[in-house]
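Student: Got a structure here, written out as structure tokens. Questions coming.
The values are calculated or read from the model by the stated rules, or taken from the named source; none is laboratory data. Quantities reported herein were computed from a predicted structural model and do not represent experimental measurements. Reconstructed Cβ throughout: ideal geometry from the backbone, glycine too, with neighbour counts over all protein chains shown.
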Amino acid sequence: MTMPHDAIIDQEIWDKAQELLANQAPKRNAATNVNHRCLLTGLMFDETGDRLSPSYAKRNGRVLSYYISKRLMHGPDPDGTGWRLPAKGLETSIVDALAGFFENEDKWIVAVDSMDASSHAYERLRD
């Protein structure tokens, strides 16, 4: 359980600062500056250690999303070992596995124990 602490600045100043920041932020409505929908960007690597990066292809008017080995983004794959994985299937599999892991308290307790974490870590995971 986290303990509340005294505010560093008063609420009125905080609210004014947040309003200023929100008003000065660029609009996010162009295709070049909207949030990417690639959940695993920067987190996945192939067997050679090459980062898997989001990529897109158009077929029959549909946009298909993939995670591909970074070396495939810079031209043909000379040895044919680069990975090209469908984004939706990969993301769904990983999210399902994570959900199953966190739903099973015995599994994440074992993981926290392997990190030699404090009892405070258990409480944070339960909250």
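Student: With the structure loaded, tell me whether Ser69 is modelled with pLDDT of 90 or more, among the small types (Gly, Ala, Ser) and under 17 Å from the mean Cα position of the chain (by Cα) or whether it fails that test.
Tutor: No.
Student: For residues that are without any contact (Cβ under 8 Å) to a residue 12 or more places away in the chain and more than 16 Å from Arg37 (Cα to Cα), scanning just region 48-61, find the one that is farthest from the chain's Cα centre (by Cα).
Tutor: Asn60
Student: Within region 65-87, count every residue that is surrounded by 11 or more Cβ atoms within 10 Å (Cβ to Cβ) and either under 19 Å from Leu43 (Cα atoms) or of a type outside the set (Val, Ile, Thr) (or both).
Tutor: So the answer is 16.
Student: For region 38-93, name all the residues that are basic (Lys, Arg), in a strand (DSSP E or B) and in contact with a Lys or Arg (Cβ under 8 Å, 6 or more places away or on another chain).
Tutor: Arg51
Student: Just to be sure I understand the filter: pairs with C-beta atoms under 7 Å, separated by 6 or more residues or on different chains, first member in region 80-96 and in contact (Cβ under 8 Å) with a residue 12 or more places away in the chain, second member surrounded by 13 or more Cβ atoms within 10 Å (Cβ to Cβ) and in a helix (DSSP H, G or I). Which pairs pass?
Tutor: Gly82/Arg71; Gly82/Leu72; Arg84/Leu72
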